[in-house]
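Presented below is the structure to which this report refers.
The values are calculated or read from the model by the stated rules, or taken from the named source; none is laboratory data. Worth saying up front: this structure is predicted, and the values here are computed from it rather than measured. When we count neighbours, we look across all protein chains shown, and the Cβ atoms used for this are built from the backbone with ideal geometry, even at glycine.
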Amino acid sequence: MIDHVEVTIAIDASATRMSVGSINSDKTSMTISSGISQDDRQKIAELRKLVKDDLSEYYDTDFNLLRWLQGHAQLDVTEVARKLRFHLKARKSSWDFDSIHKKDRTHPIHNHWRHGITGESGVLENVIINIEQCGTTDYNGMMECFSISEVMKARVYDLEEMLAQCMELEKRT
């Protein structure tokens, strides 16, 4: 029995935005706009220029920068760059975000935190689906046994693995 299923849909690759478009009545397909607009390309170039000193070769993709711009659309590009710079410095820390997904999933917390399922939709083109069965995960018990830093280290592995799959799909499309 599944107590709770969390589903995250990341719209990436040639589908850079999920529009308000149409969803068929059978719920199996939707309209997704494709391509990066000229306006977005200009903002991406501006953001890249502002953070170039902290931007790793691995993370330096139009889509990664576009996600930051879309996620902080209410801010001007300089403020987005300020926030992104904090993230980029964390990526370069001893946690080594850029390559953590290449290592084995062996943190002691992973014995108690089931691995989610991440992969291409199979129904919608250029869509990554992440399903995490977290209903049986004892978060309180984890917090009593491990520091928040250790919980974050364990979680970052799964999130970076999902990002790597998104980036791989983006490369192919």
- [ ] Please specify each residue of the range 153-173 satisfying the condition of being aliphatic (A, V, I, L, M) and in contact with a strand residue (DSSP E or B) (Cβ under 8 Å, 6 or more places away or on another chain).
- [x] Met162, Leu169
Open item on the list: I'd like to know if the range 147-163 contains one or more residues that are over 14 Å from Ile100 (Cβ atoms), at pLDDT 90 or above, assigned to a helix (DSSP H, G or I) and among the basic types (Lys, Arg).
Closed with: no
- [ ] Note down all Cβ pairs under 7 Å where the first residue falls in the range 96-107 and is free of Cβ contacts under 8 Å to residues at least 12 places away in the same chain, the second is part of a loop (DSSP other than H, G, I, E, B) and not acidic (Asp, Glu), and they're at least six residues apart or on different chains.
- [x] none
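Across the range 117-142, what is the total count of residues that are assigned to a strand (DSSP E or B) and either in contact with a His (Cβ under 7 Å, 6 or more places away or on another chain) or in contact (Cβ under 8 Å) with a residue 60 or more places away in the chain (or both)?
Quick first cut of the range 117-142, residues assigned to a strand (DSSP E or B) only: 117-120, 127-133.
Subsequent filtering for residues that are either in contact with a His (Cβ under 7 Å, 6 or more places away or on another chain) or in contact (Cβ under 8 Å) with a residue 60 or more places away in the chain (or both) retains 127-133.
So the answer is 7.
Give me a count of the residues in the range 90-149 that are of a type in the set (Phe, Trp, Tyr) and within 22 Å of Tyr59 (Cβ to Cβ).
Kept after step one, since they are of a type in the set (Phe, Trp, Tyr), are these residues of the range 90-149: 95, 97, 113, 139, 146.
Applying the additional criterion that residues be within 22 Å of Tyr59 (Cβ to Cβ) yields 95, 97.
Residues flagged as of a type in the set (Phe, Trp, Tyr) and within 22 Å of Tyr59 (Cβ to Cβ) within the range 90-149 amount to 2.
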Open item on the list: Return the residues of the range 68-105 that are at pLDDT below 95, polar (S, T, N, Q) and surrounded by 11 or more Cβ atoms within 10 Å (Cβ to Cβ); say none if nothing qualifies.
Closed with: none
- [ ] Looking only at the range 58-95, count how many residues are free of Cβ contacts under 8 Å to residues at least 40 places away in the same chain, under 16 Å from the mean Cα position of the chain (by Cα) and outside any helix (DSSP H, G or I).
- [x] 3
- [ ] Being on the phi < 0 side of the Ramachandran plot and not in a helix (DSSP H, G or I) is the filter; apply it to the range 34-53 and report the residue that is surrounded by the fewest Cβ atoms within 10 Å (Cβ to Cβ).
- [x] Asp53
Task: Subset of the range 125-173 that is under 18 Å from Arg114 (Cα atoms) and either of a type in the set (S, T, N, Q) or touching a Leu at 6+ places or on another chain (Cβ under 7 Å) (or both) - its residue that is surrounded by the fewest Cβ atoms within 10 Å (Cβ to Cβ) - done: Asn140
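Kindly indicate whether Tyr157 is out of contact with any His (no Cβ under 8 Å at 6 or more places or on another chain) and either farther than 30 Å from Glu46 by Cα or touching a residue at least 12 places away in the same chain (Cβ under 8 Å) (or both). Break it down into steps so the answer makes sense when it comes.
On the way: out of contact with any His (no Cβ under 8 Å at 6 or more places or on another chain): no; either farther than 30 Å from Glu46 by Cα or touching a residue at least 12 places away in the same chain (Cβ under 8 Å) (or both): yes.
Against the criterion (out of contact with any His (no Cβ under 8 Å at 6 or more places or on another chain) and either farther than 30 Å from Glu46 by Cα or touching a residue at least 12 places away in the same chain (Cβ under 8 Å) (or both)), Tyr157 does not qualify.
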